[in-house]
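Enquirer: Handing you a structure now.
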Amino acid sequence: MATDRDYVLGTHEQELARLGLQHRVWRPVTLDCWQRAGIAIGKRVLDIGAGPGYAAIDLAEIVGPTGEVVALERSQNFIRAMETTCRTRSLANVKIHELDLMQDELPRADYDFLWCRWVISFVNDPSLLIKKLGAIMPKRSVAIFHEYGHYETWRFFPRLPMQERFRQHVIATWHESGGEPDGAAHLPALLAENGFVIRSARPHIFCLQPRDYMWQWPATFIETYLERLIGMGRIDQKFARQVETDLASAEKNPNARMLTPLVLEIIAEKL
Ligand SMILES: C[S@@+](CC[C@H](N)C(=O)[O-])C[C@H]1O[C@@H](n2cnc3c(N)ncnc32)[C@H](O)[C@@H]1O
């Protein structure tokens, strides 16, 4: 059975903090998407692969005490963090289930929405997951996905050869762990097969300069995932320092730009 340790990005404290930064950087896009999709007071939202609950907590505040968020997550470390935040914020409307999306039965309820972000790339059978979601989401509920659609869009101008080698290691390790970095590419067909009709699909891609807040999102990923790649024995310290040096040179160059990995937003309705 897969464990926290097997999950390719890890569930350690540094990753927990990185997911927090990632959520804050993406928050304006996410809030806009949720509003367009219709998430509002009193709604019931299923959050799958919720991580430490950064989105779940925001959702719980939006839907309020008359609504509910049901968060599904496998990592005990992330669940503990989510429980602590709910306690400190006095949020009583988050129901947390510790489970494996692939192996366990998913809880049924009268959900209005499904929120799934950066999960499809990391499960070993996305078609099984969408099938399970198709079976539990009620008619006329809305499923929202933010998933990578073309990871190789992530690059710098001027080019950083070491970042491109690093990116290839990322893609290879996600594949080796059973995932699919461009998971969103399969979603339109999988959703159609399981009773969903796509209402909108739009790419989110950004061209950043070093002083932009969002720059820190891929930059902190490089920092944490280099350590992970060293731990996996895929790269050595020298490789890691070269990637860091490349990144530092881009950060000192006000004319440098970074294109982010493409995230595809899909909003689909269950028929
Ligand atoms: C990249 S994180 C994204 C977390 C969160 N959705 C967010 O947007 O911040 C992927 C999450 O999916 C969870 N996950 C991956 N495979 C899972 C599985 N088979 N069952 C349950 N959770 C899983 C991981 O533990 C991790 O918390």
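The values are calculated or read from the model by the stated rules, or taken from the named source; none is laboratory data. Here the structure is a predicted model, which is why all the values come from computation and not from measurement. Neighbour counts run over all protein chains shown; Cβ positions are idealised from the backbone, glycine included.
Enquirer: Tell me the residue from G178, G233 that is part of a loop (DSSP other than H, G, I, E, B), out of contact with any Lys or Arg (no Cβ under 7 Å at 6 or more places or on another chain) and modelled with pLDDT under 95, please.
Expert: G178 is the lone residue from the list that is part of a loop (DSSP other than H, G, I, E, B), out of contact with any Lys or Arg (no Cβ under 7 Å at 6 or more places or on another chain) and modelled with pLDDT under 95.
Enquirer: Take the range 66-76 and flag every residue that is assigned to a loop (DSSP other than H, G, I, E, B) and surrounded by fewer than 16 Cβ atoms within 10 Å (Cβ to Cβ).
Expert: Residue satisfying the conditions is T66 alone.
Enquirer: For a quick check of your reading of the model, give me the residue pairs whose first member lies in the range 187-198 and is surrounded by 13 or more Cβ atoms within 10 Å (Cβ to Cβ), whose second is of a type in the set (V, I, T) and outside any strand (DSSP E or B), with beta-carbon atoms closer than 7 Å and at least 6 apart or on different chains.
Expert: L187/I120; L190/I130; L191/I130; N194/I130
Enquirer: Does V8 satisfy the condition of being β-branched (V, I, T), in contact with a Phe, Trp or Tyr (Cβ under 7 Å, 6 or more places away or on another chain) and either within 14 Å of the ligand (Cβ to nearest atom) or in a loop (DSSP other than H, G, I, E, B) (or both)?
Expert: So V8 passes the test.
Enquirer: Name every residue in the range 96-119 that is farther than 13 Å from A268 by Cβ and crowded, with 17+ Cβ neighbours inside 10 Å, in order of residue number. Outline the logic, then answer.
Expert: First, the residues of the range 96-119 that are farther than 13 Å from A268 by Cβ: 96-112, 117-119.
Result: I96, L101, L106, Y111, D112, R117, W118, V119.
Enquirer: For the range 65-76: of the residues being free of Cβ contacts under 8 Å to residues at least 40 places away in the same chain and near the ligand (Cβ under 9 Å from one of its atoms), which is nearest to A268 (Cα to Cα)?
Expert: L72
Enquirer: Tell me the residue from I79, I48 that is near the ligand (Cβ under 10 Å from one of its atoms), within 17 Å of V119 (Cα to Cα) and touching a residue at least 40 places away in the same chain (Cβ under 8 Å), please.
Expert: Of I79, I48, the one residue that is near the ligand (Cβ under 10 Å from one of its atoms), within 17 Å of V119 (Cα to Cα) and touching a residue at least 40 places away in the same chain (Cβ under 8 Å) is I48.
Enquirer: Is there a residue being over 15 Å from E180 (Cα atoms), modelled with pLDDT of 95 or more and either away from the ligand (no atom under 11 Å from the Cβ) or not basic (K, R) (or both) anywhere in the range 117-129?
Expert: No; the residues of the range 117-129 include none that is over 15 Å from E180 (Cα atoms), modelled with pLDDT of 95 or more and either away from the ligand (no atom under 11 Å from the Cβ) or not basic (K, R) (or both).
Enquirer: Is it the case that some residue within the range 218-225 is in contact with a strand residue (DSSP E or B) (Cβ under 9 Å, 6 or more places away or on another chain), under 30 Å from F113 (Cα atoms), surrounded by 15 or more Cβ atoms within 10 Å (Cβ to Cβ) and not hydroxyl-bearing (S, T, Y)? First the steps, then the outcome.
Expert: Of all residues in the range 218-225, those in contact with a strand residue (DSSP E or B) (Cβ under 9 Å, 6 or more places away or on another chain) come to 218-219.
Then keep just the ones that are under 30 Å from F113 (Cα atoms); that gives 218.
After this cut, where a residue has to be surrounded by 15 or more Cβ atoms within 10 Å (Cβ to Cβ) as well, the list is 218.
Right, trim to not hydroxyl-bearing (S, T, Y) and you get 218.
Checking the range 218-225: at least one residue is in contact with a strand residue (DSSP E or B) (Cβ under 9 Å, 6 or more places away or on another chain), under 30 Å from F113 (Cα atoms), surrounded by 15 or more Cβ atoms within 10 Å (Cβ to Cβ) and not hydroxyl-bearing (S, T, Y).
Enquirer: From the list I62, I41, which residue is assigned to a loop (DSSP other than H, G, I, E, B), more than 14 Å from the ligand (Cβ to nearest atom) and at pLDDT 95 or above?
Expert: After applying the criteria, what remains is I41.
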